[in-house]
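Engineer: Dumping the structure here so I can ask a few things about it.
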Amino acid sequence: MLQTQELQVNIGPQHPSTHGVFRMLVTVDGETVVDLKPVFGYLHRNHEQIAEANSYLQNMPYTDRLDYFNSMANNHAYAMAVERLAGIEVPERAEYIRVLMVELTRILNHASAVGFMINDMGAWQTPLAFGMREREKILDLFEMASGARLMCNYFRFGGVVRDLPPEFIPNLRELLRALPAYIDELERLLRDNEILLQRAIGIGILPPEVALSYGVSGPVLRGSGIPYDVRKAEPYSVYDRFDFDVPIGKVGDVYDRFLVRIEEMRQSKRIIEQVLEQLPDAKGGHINPKARQNVRPPVGDAYARIESPKGELGFYLVSDGSTKPYRYKVRAPSFINLTPLADMCRGYKVADIVVILGSIDIVMGEVDR
Amino acid sequence: MTASPFEIEIPRGRVIEVQRDDTRVRWGGGLLRGMAVVWKHWKESFKLNRSYSQIHGTFTIEYPEEQPRIPEAYRNMPILLYDDETGHELCTSCFQCERICPPQVIHMTQAKDPATGKPVPAVAEFIIEYDACMSCGFCAEVCPFDAIKMDHEFELSTDDHTRLTVHKEQLLRPISYYAKIAPTMWAEVRESALKKLQGNVRRRPDVIGLAPQLTEKIAARRAELAAQAVQAAQAAAAAPAAPAAAPAEGRKLTPEEKAAKLAAIRAAKTAQAGESATPAEAAPAPPSPAPAGEAAPSADKAAKLAAIRAANAAKKAAAGEAPATLPVAPADGMAGDTPADAPPAAPPADKAARLAAIRAANAAKKQQSGDGS
């Protein structure tokens, strides 16, 4: 009788496909994963503690560095939390600009998330370049408006830093003309590819009950077939004024998450078009509040959440009446979506781990904080 | 697009289920379709296409050869501004940027009037640690005087780490530079920034708050002008000997009158071999005007000192006179584009005249109060 034994393998922390410094302690039986233990914290930089030593406004650029793909979305959630805490009104036009920025962020995040997932499957670089292409143009738009491509720091309490520059809307319209062709092409490039199908279909299934019990959100949850979207469940900002659909998956495997992301890009494009229709009517007020340097919210606490491209991003703030938050907590979607990784990987092959990790779409800056 | 198993009604939209189509047999057709996409892009990649509405063609930039188009709002590292024409720094050391800076990389000290020791609205030392700066742009946003702005320069790599602790001398840029990189953003704040600068300059003793790049030039130019004034006055004093009588008491004098008077006084003084008046004034008032024109280092220093003293004295001497506004508009056709190269001609000339006048008034006073010293 041949004696077999389980083997422990470290994947990471410096593995090229771990999306940052992230270690997976994998127990394998041959090629099959028996257990997986995620080990993170390598990128821990004390974000929440630093935030408690900073004033409210000073934290805004730090939120950019949480999920550095979606700095606009992070800014939005944080600005909402402080506005809720301090009771600051946001002018309508600023709300539209915020929605516009966050939806552009969603497109670029999903495009690059798909690209990275294909990268993890071993199709090195070429599909990723396809995913990154329109992202570049969106980043140019961000740079135009906010001054930076990634660390936008564009939102302020009660508005945004500055109004859109005059060349922004024409460029955005041009980009919108290109987007459907781009999304279709990305789908055509990947969707029917036999290799991708073999690597994605039936792999990393996350049953809806398990997803719910872990508190998973975002495309991962919707891929499992649960139509939960914060934009619909608890419409914030001006999201109740737009028509858009919520795509869900059927099985909850890697392929479903991929398809949900592709479809969400289309829905985001729909929202942006509606924003452009309604934006001229939105009356501004003072959308760039320069004077709110010293926010001093009354004693209390507030939680604000948005549907960030990665899931439900929430900021919980407790104020003791001073200019600094007494408690500052981030509900990071990447972190919570990562927790069921062991359940998703158990029973599949070692080579699937990285693909499953790629399909969750994590950013270690947000996981470790 | 079947109905959701959860049957949830959502406002303004539907729940749609993605189409998987995973049962279809493809026999490599999907691979070929993907290859076709890649092939098309490869073919198109030889064409340049910068339009946002096209997904084909190359839109990348060959960076070192071709510089990227940088939008106006772009922010990289903070810089300080100074007025090209007068050399006055816009910063008043109000500490707003130091306070707001999230990584706390801005450090500054306030300038003090060397004569009285009181703080003045100017900055003595200003340090930004570029290596820890996070380019958030808050400093530029909160600055009430529009003195700190975000630069577009991004080629900052260096093998010398200490060079990334940047001092005021390296931070200072002329206003015209910023107006070139961000025309509309500067146009928005130009009026108020220059107005505030004027107000602050009034409260600064003369040479404090001048861009170090220009201090030497300004001092040299002043010494030159002072020498010219002396020369002219000596020539004038040769003819009318009278005006050396008494200093004006409360009477308002135009700078020209003052200058003439001063020169007369000084001429008289030098005639008396008044070299012993004060050491500071010895240098710019020599018996023969020639040596003052050559900006020797000591003359330079002396000019600075004298300028500070003169500004103080001006307050006393011309108490009744309306506070002399510092000229901001250039008197002659000095262009603001190449500030570093052009000598700061007109305003310092103006100033030098004023300065000489004040100095003369001082000397006259001293003379009057008994030729002691």
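Please treat every number below as a calculation from the coordinates, not as lab data. Because the structure is a prediction, the values reported are computed rather than measured. Positions of Cβ are generated from backbone atoms using ideal geometry, with glycine treated the same way; all protein chains shown enter the neighbour counts.
Engineer: Have a look at A:178, A:145, A:81 and tell me which one the Gaussian network model of chain A (Cα, springs below 10 Å) gives the largest fluctuation.
Structural biologist: Result: A:178 has the largest fluctuation of those listed.
Engineer: List the residues, sorted by chain then number, that are 5 or more residues from residue B:58 or on another chain and whose placed amide H is less than 5 Å from its amide H.
Structural biologist: So residue B:58 has HN proximity to B:47, B:48, B:49.
Engineer: Cut-off is 10 Å between beta-carbons; in what order do A:154, B:63 appear when sorted fewest neighbours first?
Structural biologist: The order, fewest Cβ neighbours first, is B:63, A:154.
Engineer: Please list, in chain and number order, the residues 5+ apart from residue B:52 or on another chain whose amide H is under 5 Å from its amide H, with Hs placed from the backbone.
Structural biologist: Those qualifying (amide H under 5 Å, at least 5 residues apart or on another chain) number zero.
Engineer: Moving to a separate point now. Determine the gain in length on full extension of the stretch residue B:66-residue B:125; use 0.36 nm per residue of separation and subtract their C-alpha separation, reporting nm with one decimal. Mind showing how you got there, number by number?
Structural biologist: Numbers: separation 59, 0.36 × 59 = 21.24 nm, distance 3.69 nm.
Extra length from residue B:66 to residue B:125 when fully extended: 17.5 nm.
Engineer: Output ³J(HN,Hα) for segment B:163-177: one whole-Hz value per residue in order, computed from phi by the Karplus curve 6.51 cos²θ - 1.76 cosθ + 1.60 with θ = phi - 60°, and x for Gly and Pro.
Structural biologist: 3J(HN,Hα) across segment B:163-177, in whole Hz: 5, 7, 8, 9, 9, 4, 4, 7, 7, 6, 9, x, 4, 4, 5.
Engineer: Using the alpha carbon gyration tensor of chain A, what are the three equivalent-ellipsoid semi-axes (square root of 5 times each eigenvalue), largest first, in whole Å?
Structural biologist: Values: eigenvalues 251, 123, 57 Å².
After scaling each eigenvalue by five and taking roots: 35, 25, 17 Å.
Engineer: Hey, what do the phi angles of segment B:61-75 turn into as Karplus ³J(HN,Hα) couplings, whole Hz, using 6.51/-1.76/1.60 and θ = phi - 60°, x for Gly and Pro?
Structural biologist: Each residue's phi maps through the Karplus curve to give 10, 7, 3, x, 6, 10, 7, x, 7, 9, x, 4, 6, 3, 10 Hz.
Engineer: Longer than 25 Å from Cα to Cα, which of A:137/A:329; B:149/B:196; B:112/B:168; B:112/B:217; A:250/A:310 are they? Say none if no pair is. All intermediate terms of the calculation are to be shown ahead of the outcome.
Structural biologist: Numbers: A:137/A:329 33 Å; B:149/B:196 16 Å; B:112/B:168 16 Å; B:112/B:217 22 Å; A:250/A:310 19 Å.
In this structure, A:137/A:329 exceed 25 Å between Cα atoms.
Engineer: Multiply the residue gap between residue B:235 and residue B:180 by 0.36 nm, knock off their C-alpha separation, and tell me the result in nm, one decimal place.
Structural biologist: 15.2 nm
Engineer: Scale the Cα Rg of segment B:74-146 by the rule-of-thumb value 2.2 N^0.38 Å and send over the ratio, two decimals.
Structural biologist: With N residues counted in segment B:74-146, Rg over 2.2 N^0.38 Å equals 1.15.
Engineer: A follow-up question, please. Per the Cauchy relation, a quarter of the hull surface: what is the mean projected area of the convex hull of the alpha carbons in segment B:78-202, in nm²?
Structural biologist: 8.0 nm²
Engineer: Follow-up question, since we're still on this one. Could you list B:51, A:334 in order of exposure, starting from the residue whose Cβ has the fewest other Cβ atoms within 10 Å?
Structural biologist: Ranking B:51, A:334 by Cβ neighbours within 10 Å, fewest first, gives B:51, A:334.
Engineer: Given springs between every Cα pair under 10 Å in a Gaussian network model of chain A, which of A:235, A:309, A:333 has the largest fluctuation?
Structural biologist: Among A:235, A:309, A:333, the largest mean-square fluctuation in the Gaussian network model of chain A belongs to A:235.
Engineer: If amide hydrogens are placed 1.01 Å from N in the peptide plane, which non-local residues have theirs closer than 5 Å to the one on residue B:111?
Structural biologist: Under 5 Å from the amide H of residue B:111: B:120, B:122, B:123, B:124.
Engineer: Points 7 angstrom from Cα along the Cβ direction at residue B:12 and residue B:98: gap in nanometres?
Structural biologist: Here the modelled spin labels are 4.9 nm apart.
Engineer: Which of A:22, A:242 has the fewest other C-beta atoms within 10 Å, and how do the rest follow up to the most?
Structural biologist: Ranking A:22, A:242 by Cβ neighbours within 10 Å, fewest first, gives A:242, A:22.
Engineer: Here's another thing I want to ask about it. What is the distance, in nm, between label points placed 7 Å from the Cα along the Cα-to-Cβ direction at residue B:154 and at residue A:163?
Structural biologist: Placing both labels 7 Å beyond Cα along the Cβ direction yields 2.7 nm.
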